[in-house]
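The values are calculated or read from the model by the stated rules, or taken from the named source; none is laboratory data. Bear in mind that the values here come from a model prediction, so they are computed numbers and not experimental data. Cβ coordinates were reconstructed from backbone atoms using ideal geometry, including for glycine residues, and neighbour counts include every protein chain displayed.
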Amino acid sequence: MKLFTKPVAAVFAILGMIGTAHAGAKFSFGVTVDTTNRYANGNLGDARSSADVLQFIGCHTTARRASATYMVCEARDAWGVYGTCSSMDANLIAAIQGIGPSSSILFKWDAAGECTDIEVRNSSHYAPVTP
């Protein structure tokens with residue numbers, strides 16, 4: 001019986017090493033704000049659950065009856081560096097409508113503080129916002 005036990009144990013040990021289950025790919029990163037190159041990016045969930053009290057990233061729209069709709073994106077990193085931009089461009093406004101609790105956001109701005117690019121990524125790779 002001992003001759004049989006050792007090979008079986010070895011097989012199970014090898015299978016245990018190669019058959020490890022993983023819970024899926026995860027991308028975790030904090031908020032980055034680069035005022036020199038005028039961009040900010042980050043994951044909403046990671047910003048919300050960061051150990052510091054500074055990080056945030058987000059975008060919003062404002063519509064008023066007597067004026068045009070506009071949008072604003074803003075972010076602050078763990079070092080307190082802040083970046084923001086705004087725009088009345090319909091394409092950029094449409095892009096931020098896709099932001100959800102598991103989104104990653106990248107936005108860029110020009111020297112006047114006008115948003116030039118917005119990228120919204122929604123994926124299971126990104127942690128959702130939690131309280």
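Points worth noting:
- Scanning the range 38-50 for any residue that is at pLDDT 95 or above and either exposed (fewer than 14 other Cβ atoms within 10 Å of the Cβ) or outside any strand (DSSP E or B) (or both) turns up at least one such residue.
- Exactly one residue out of GLY80, GLY58, GLY45 is of a type in the set (Gly, Ala, Ser) and more than 22 Å from THR35 (Cα to Cα), and it is GLY45.
- For the range 69-94, residues that are of a type outside the set (Ser, Thr, Tyr) and part of a strand (DSSP E or B) total 8.
- Count of the range 59-71 residues which are within 21 Å of LEU92 (Cβ to Cβ) and either surrounded by fewer than 17 Cβ atoms within 10 Å (Cβ to Cβ) or among the basic types (Lys, Arg) (or both): 8
- Meets criteria (part of a strand (DSSP E or B) and more than 19 Å from VAL120 (Cα to Cα)) for THR62: no
- ASN122 being surrounded by fewer than 16 Cβ atoms within 10 Å (Cβ to Cβ), over 23 Å from THR36 (Cβ atoms) and touching a residue at least 24 places away in the same chain (Cβ under 8 Å): yes
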